[in-house]
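**Q** Questions regarding the structure given below will be posed in turn.
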Amino acid sequence: MFWDNYTETIDRISLQKLQLKLLQKTIERAQHAPYYRALLQQEGITPDTIRSLDDLRRIPFATKDILREQYPYGFLAVSRDEIVRMHSSSGTTGRATVIFHTISDIKEWASLIARCMYMTGVRKSDVFQNMMGYGLFTGGIGFHYGAEQLGALVIPSGPGNTKRQIMLMREFETTVIHIIPSYALHMIKAFADEGIDPKKDLKLRIAYLGAEPHSEETRRRVEAAFGVRAYNSYGLSEMNGPGVAFECPEQNGMHVWEDSYILEVINPKTLEPVKDGEEGELVFTTLKREGMPILRYRSRDLAAVYPDPCPCGRTHRRITRIKGRTDDMLIVKGVNMYPVQIEKTLLSFPEVGTNFLIILDHKDYNDHMTVKVEVSSAMFTGDLKTLHNLKKAITERLRSEILITPEVQLVEPDSLPKTEGKAVRVIDNRKQWG
Ligand code: AMP
Ligand code: ZN
């Protein structure tokens with residue numbers, strides 16, 4: 001049941017001792033990076049002045065902006081000869097940041113992924129189809145190495161080309177997939193178009209959904225349509241990528257691997273820690289990385305820590321689903337909301353298909369929100385006008401979730417733009433108004 005029995009079930013006191021030791025080691029390593037050499041010296045921080053985990057708070061936060069300023073080598077803590085791989089964040093919010101790994105970093109990262117996969121029941125006998133992007137993005141190669149370390153057969157299919165994906169699943173009896181949630185929803189329709197019922201015609205049993213915010217409703221839909229157990233997988237390239245936090249078989253929160261990362265949850269305004277159970281911004285410190293240690297990285301991702309231990313026996317704390325990033329928050333007519341709230345509401349209607357788009361405009365000195373919603377192909381009779389009641393019901397339910405009334409437009413199945421990578425859920429035309 002455990003990939004690494006000792007580490008996964010370590011008691012909290014021993015875990016904290018281990019974290020302190022690794023933190024001191026990390027600071028020693030960080031002192032070799034140009035950025036940290038100056039910063040730590042200025043703050044008077046050396047490994048031996050870090051006497052408890054509380055001392056971590058003496059170290060200033062790292063942010064995406066600092067990583068950008070230090071692009072490309074300011075955080076590099078080893079000579080360039082030691083570096084064997086570079087990755088980059090998807091760069092949806094400005095210039096990308098780059099991360100460098102040594103051979104040992106790659107092995108450590110792969111072993112975290114192997115741990116996640118093993119935890120959810122994957123074994124050597126499994127066939128793993130990795131439908132995530134390969135390349136600078138960490139989702140594809142990150143999982144690839146983890147699955148190989150575990151010993152599964154890896155099919156590096158990458159994203160897109162849905163017909164070929166289905167062919168591979170069929171011919172090689174794929175049992176486990178790794179897929180972007182918005183693409184998984186899209187595949188549900190593709191199965192229907194191909195006349196395939198995955199539950200009967202395929203051998204799938206596990207799906208990993210990650211890389212973008214998604215709701216419990218999305219998970220349940222994917223589970224029902226694919227005939228799998230679906231697990232939430234969270235990570236960010238600054239902390240390697242996937243393998244930072246992962247759901248266990250309880251499917252109730254994601255364990256953050258605290259032997260590899262220190263997790264803090266802070267109020268993004270006051271920067272003070274929040275209590276367990278309260279939502280805040282996740283802040284991570286790498287504990288094992290050699291090539292590019294990062295201390296107290298503000299992820300901008302919002303979630304809360306579960307206050308109670310997990311029945312699975314793992315002692316590493318769990319976080320809730322990610323609500324969104326602080327910079328994903330939409331302010332419409334003065335009301336704050338996250339796209340995932342809209343996703344959750346829409347997918348609670350079985351009549352709703354697999355894609356939607358939020359469009360924000362500025363009209364007559366006022367914000368205007370349009371939500372375009374694909375209806376499900378099973379429901380669609382060729383005439384959207386007959387679906388007046390559905391449109392009304394969706395509008396009502398959205399209003400009670402987001403507290404404003406959007407204009408809901410039902411559109412035909414498969415008519416909204418799709419992406420192979422992370423979904424684009426929002427088009428904000430208000431930006432031109434400054
Ligand atoms: P990147 O570094 O480009 O791979 O992007 C990492 C970001 O993707 C994270 O900071 C999150 O905002 C988002 N992300 C990754 N996995 C998940 C997940 N399981 N749920 C929600 N958001 C996620
Ligand atoms: Zn658990």
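The values are calculated or read from the model by the stated rules, or taken from the named source; none is laboratory data. Treat the numbers as computed from the prediction; the structure is a model and nothing was measured. As a convention, Cβ positions derive from the backbone with ideal geometry for all residues, glycine included, and neighbour counts pool all protein chains shown. To get the accessible areas, we keep the full protein, side chains included, count just its heavy atoms, and leave off ligands, DNA and RNA. Shrake-Rupley method; radii C 1.70, N 1.55, O 1.52, S 1.80 Å.
**Q** Working carefully through the options Gly146, Gly142, find the one that is within 14 Å of Ser233 (Cβ to Cβ), of a type in the set (Gly, Ala, Ser), open to solvent by less than 10 Å² (accessible area, probe 1.4 Å) and out of contact with any Pro (no Cβ under 6 Å at 6 or more places or on another chain).
**A** On the way: Gly142 fails: out of contact with any Pro (no Cβ under 6 Å at 6 or more places or on another chain).
Selected residue: Gly146, the only one of Gly146, Gly142 that is within 14 Å of Ser233 (Cβ to Cβ), of a type in the set (Gly, Ala, Ser), open to solvent by less than 10 Å² (accessible area, probe 1.4 Å) and out of contact with any Pro (no Cβ under 6 Å at 6 or more places or on another chain).
**Q** Report, by residue number, each residue of segment 206-216 that is in contact with a strand residue (DSSP E or B) (Cβ under 7 Å, 6 or more places away or on another chain) and either open to solvent by 10 Å² or more (accessible area, probe 1.4 Å) or among the hydroxyl-bearing types (Ser, Thr, Tyr) (or both). Show your work before the answer.
**A** Just the residues of segment 206-216 that are in contact with a strand residue (DSSP E or B) (Cβ under 7 Å, 6 or more places away or on another chain), to begin with: 206-210, 213.
Across segment 206-216, the qualifying residues are Tyr208, Pro213.
**Q** Would segment 199-211 turn up any residue that is in the same structural domain as Asp126 (by TED's automatic domain parsing), in a loop (DSSP other than H, G, I, E, B) and of a type in the set (Asp, Glu)?
**A** Filtering segment 199-211 for residues in the same structural domain as Asp126 (by TED's automatic domain parsing) gives 199-211.
Keeping just the survivors that are in a loop (DSSP other than H, G, I, E, B) gives 202-205, 211.
Still in the running and of a type in the set (Asp, Glu): none.
No; the residues of segment 199-211 include none that is in the same structural domain as Asp126 (by TED's automatic domain parsing), in a loop (DSSP other than H, G, I, E, B) and of a type in the set (Asp, Glu).
Quick grid of which residues meet (1) more than 18 Å from Ser111 (Cα to Cα); (2) buried (at least 18 other Cβ atoms within 10 Å of the Cβ); (3) free of Cβ contacts under 8 Å to residues at least 12 places away in the same chain; (4) of a type in the set (Lys, Arg):
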{"position": "Asn5", "(1), (2), (3), (4)": "no, no, yes, no"}
{"position": "Asp11", "(1), (2), (3), (4)": "yes, no, no, no"}
{"position": "Gln16", "(1), (2), (3), (4)": "yes, no, no, no"}
{"position": "Lys25", "(1), (2), (3), (4)": "yes, no, no, yes"}
{"position": "Glu28", "(1), (2), (3), (4)": "yes, no, no, no"}
{"position": "Gly44", "(1), (2), (3), (4)": "yes, no, yes, no"}
{"position": "Pro47", "(1), (2), (3), (4)": "yes, no, no, no"}
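Here's the yes/no breakdown for (1) of a type in the set (Val, Ile, Thr); (2) under 27 Å from Thr26 (Cα atoms); (3) away from ligand 2 (no atom under 13 Å from the Cβ); (4) modelled with pLDDT under 95:
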site	(1), (2), (3), (4)
Gly243	no, yes, yes, no
Gln251	no, no, no, no
Ile294	yes, yes, yes, no
Tyr297	no, yes, yes, no
Thr315	yes, yes, no, no
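**Q** Looking only at segment 385-434, count how many residues are in contact with a Lys or Arg (Cβ under 7 Å, 6 or more places away or on another chain) and over 12 Å from Val373 (Cβ atoms).
**A** 3
**Q** Something else now. Could you pull out the residue among Leu236, Leu185, Leu263 that is within 29 Å of Val426 (Cβ to Cβ) and within 16 Å of ligand 2 (Cβ to nearest atom)? Spell out the reasoning first.
**A** Values: Leu236 fails: within 16 Å of ligand 2 (Cβ to nearest atom); Leu185 fails: within 16 Å of ligand 2 (Cβ to nearest atom).
Criteria check complete, one pass: Leu263.
**Q** Looking at Glu223, Glu194, Glu216, which is the one that is outside the structural domain of Ala378 (by TED's automatic domain parsing), on the phi < 0 side of the Ramachandran plot and modelled with pLDDT under 95?
**A** The conditions single out Glu194.
**Q** Could you list, in sequence order, all residues of segment 30-42 that are open to solvent by less than 50 Å² (accessible area, probe 1.4 Å) and of a type in the set (S, T, N, Q)?
**A** Keep residues of segment 30-42 that are open to solvent by less than 50 Å² (accessible area, probe 1.4 Å), which gives 30, 33, 35-36, 39-40.
Residues satisfying the conditions do not exist here.
**Q** May I ask you to list the residues in segment 316-350 that are surrounded by 17 or more Cβ atoms within 10 Å (Cβ to Cβ), farther than 18 Å from Asn232 by Cα and more than 11 Å from ligand 1 (Cβ to nearest atom)?
**A** Leu330, Val332, Met337, Ile342, Thr345, Leu346, Phe349
**Q** I'd like to check something: does segment 69-79 contain any residue that is open to solvent by 40 Å² or more (accessible area, probe 1.4 Å), over 22 Å from Gln19 (Cα atoms), charged (D, E, K, R) and within 16 Å of ligand 1 (Cβ to nearest atom)?
**A** Checked against the condition, which is being open to solvent by 40 Å² or more (accessible area, probe 1.4 Å), over 22 Å from Gln19 (Cα atoms), charged (D, E, K, R) and within 16 Å of ligand 1 (Cβ to nearest atom), segment 69-79 yields no hits at all.
**Q** What residue, among those in segment 320-374 that are aromatic (Phe, Trp, Tyr) and within 25 Å of the chain's Cα centre (by Cα), is nearest to Ser415 (Cα to Cα)?
**A** Among residues in segment 320-374 that are aromatic (Phe, Trp, Tyr) and within 25 Å of the chain's Cα centre (by Cα), the one nearest to Ser415 (Cα to Cα) is Phe356.
**Q** Is there any pair linking a residue in segment 247-268 that is within 13 Å of Thr285 (Cβ to Cβ) to one that is within 12 Å of ligand 2 (Cβ to nearest atom) and open to solvent by 20 Å² or more (accessible area, probe 1.4 Å), with Cβ under 6 Å and at least six apart or on different chains, and which?
**A** Hits for this filter: Val256/Arg317.
**Q** Hey, among the residues in segment 171-198 that are assigned to a helix (DSSP H, G or I) and among the hydroxyl-bearing types (Ser, Thr, Tyr), which one's nearest to Ala147 (Cα to Cα)?
**A** Tyr183
**Q** Just for strands (runs of 3 or more DSSP E) wholly inside segment 329-423: which have at least 3 residues that are under 20 Å from His214 (Cα atoms)?
**A** 352-363, 366-375
**Q** Applying the selection to segment 230-255, what residues are more than 9 Å from ligand 1 (Cβ to nearest atom), outside any strand (DSSP E or B) and not small (Gly, Ala, Ser)?
**A** Across segment 230-255, the qualifying residues are Asn240, Cys248, Pro249, Glu250, Gln251, Asn252.
**Q** Open to solvent by 50 Å² or more (accessible area, probe 1.4 Å) and closer than 30 Å to Phe137 by Cα: does that describe Pro417?
**A** In short, yes.
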